[in-house]
Amino acid sequence: MRRDNVGPTCWGARPRRRLARGLAAAVLPVLAAALAPVADAGAATRHVWVAAVPTTWNAVPNARDALHGASYAAAETTFPTVAYRRYTRGWRKPLRLPYERRAGAGELTGPLIRARVGDELRIHFKNLDTLRGQAHSMHFHGVEYEPSSDGVWLPLHSGKGGRVAPGQTFTYELTAGAGSAGVWPYHDHSTSMEESIAGGMYGALSIAARGERRADREYLVAFAPWHGFQTINGRAFVGNTPVFQSRVGDTVQWDVIAMGDEFHTFHVHGHKWRTDGGTPEDTRGLGPAESFRVRWTERAPGTWLYHCHVETHMAQGMIGLYRVRR
């Protein structure tokens, strides 16, 4: 050890204690930061602007059921409704993000809201329902919140967020807690809940775990009835339902939710995945407001069907195409 510039008293007991305290003060914060979970540093407060807006929706825009050769008139498949839409800050103009387009979300179904465990979510909601003039709300599954952000209408107990009147706004304050990783539905839970959900007022939260890498491809599959059709993201029959695209080597994630009163089974031809317990499966059932996500690394080029495996639902439109390029 070089001591050329060290005075003879620097190594006495008291100076040594001062040096030890100084080193501890400098080193311990660095050590604590190094040992902290990496994802904590990425936790954020995410602001999302959503409105309930009137729209006219056609579940079969090409007017055909290609598998059965049936044709439909526009009057049989097109109806006015109210849906959730993402907006820019302050509800200045509608916004559909690129990942939502690729996922098939953000048209009839509401925005696909992404977050990560540890994030705070501020969902700014505005009711622009000029079609029916009804109150609406947003109720979120899978996240943590105070009763004031529950988004449910309960007489004598609900806060303003449970029944947002036309022209009014409310901000829901949510936390993606330790058990929030996964895919969860959200929907209207106000006085108009039944009519709103039947009309398409629902969407999904996609919450990544701490340190989890997002999939290369993420797809939303929302099973729900619509005016006598069985739809995926509000569309019925091959050629109308979303056509999902990936390439060999991609990590793909399917976000599956069910809305309405019926039970469904999710199936993708030529593929299987593993449950959380490690069991291989290629079909999984879910009931009203249930949700799950499945992942795999793509190895099977070709054009495949994905659908609900309840045969009557498939026949009524709950079927689509999945294309994998080499």
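The values are calculated or read from the model by the stated rules, or taken from the named source; none is laboratory data. Owing to the predicted nature of the structure, the values given are computational and were not obtained by experimental measurement. Note that we place each Cβ from the backbone using ideal geometry, even for glycine, and neighbour counts take in every protein chain shown.
Structure notes:
- Single residue of region 237-269 satisfying the filter (among the small types (Gly, Ala, Ser) and part of a loop (DSSP other than H, G, I, E, B)) that is surrounded by the fewest Cβ atoms within 10 Å (Cβ to Cβ): Gly249
- Among (1) more than 29 Å from Asp216 (Cα to Cα); (2) under 21 Å from the mean Cα position of the chain (by Cα) - the single one Ser148 does not satisfy: (2)
- Residue selected from region 185-206 under the condition among the small types (Gly, Ala, Ser) and in contact (Cβ under 8 Å) with a residue 60 or more places away in the chain, by the criterion farthest from Asp261 (Cα to Cα): Ser206
- Counting only strands (runs of 3 or more DSSP E) that fall entirely inside region 155-221 and contain at least 3 residues that are hydroxyl-bearing (Ser, Thr, Tyr) and modelled with pLDDT of 95 or more, the qualifying elements are 169-175.
The rows are residues; the columns are (1) within 30 Å of Ile319 (Cα to Cα); (2) buried (at least 20 other Cβ atoms within 10 Å of the Cβ); (3) among the basic types (Lys, Arg).
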position	(1), (2), (3)
Leu128	no, no, no
Gly142	yes, no, no
Tyr145	no, no, no
Pro155	no, no, no
Thr171	no, no, no
Ala181	yes, no, no
Gly199	yes, yes, no
Asp216	yes, no, no
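- Helices (runs of 4 or more DSSP H) contained entirely in region 13-90, each with at least 3 residues that are loosely packed, with under 11 Cβ neighbours inside 10 Å and either at pLDDT below 95 or small (Gly, Ala, Ser) (or both): 13-35
- Restricting attention to region 221-253, the residues being closer than 17 Å to Phe266 by Cβ and among the charged types (D, E, K, R) number 1.
- Residues that are more than 28 Å from Phe140 (Cβ to Cβ) and of a type in the set (Asp, Glu) are absent from region 261-270 altogether.
- Test for Phe229: is it among the hydrophobic types (A, V, I, L, M, F, W, C) and more than 18 Å from Glu100 (Cβ to Cβ): yes
For every residue, the table says whether it meets (1) polar (S, T, N, Q); (2) at negative phi; (3) out of contact with any Lys or Arg (no Cβ under 6 Å at 6 or more places or on another chain).
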position	(1), (2), (3)
Ser246	yes, yes, no
Val256	no, yes, yes
Thr275	yes, yes, yes
Ala289	no, no, yes
Val294	no, yes, yes
Trp304	no, yes, yes
Glu311	no, yes, yes
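- The condition (being free of Cβ contacts under 8 Å to residues at least 24 places away in the same chain and in the same structural domain as Pro80 (by TED's automatic domain parsing)) is satisfied by just one residue among Thr303, Thr251, Thr265, Thr241: Thr303.
- Residue within region 222-236 that is outside any strand (DSSP E or B), within 16 Å of the chain's Cα centre (by Cα), among the small types (Gly, Ala, Ser) and surrounded by fewer than 18 Cβ atoms within 10 Å (Cβ to Cβ) present: no
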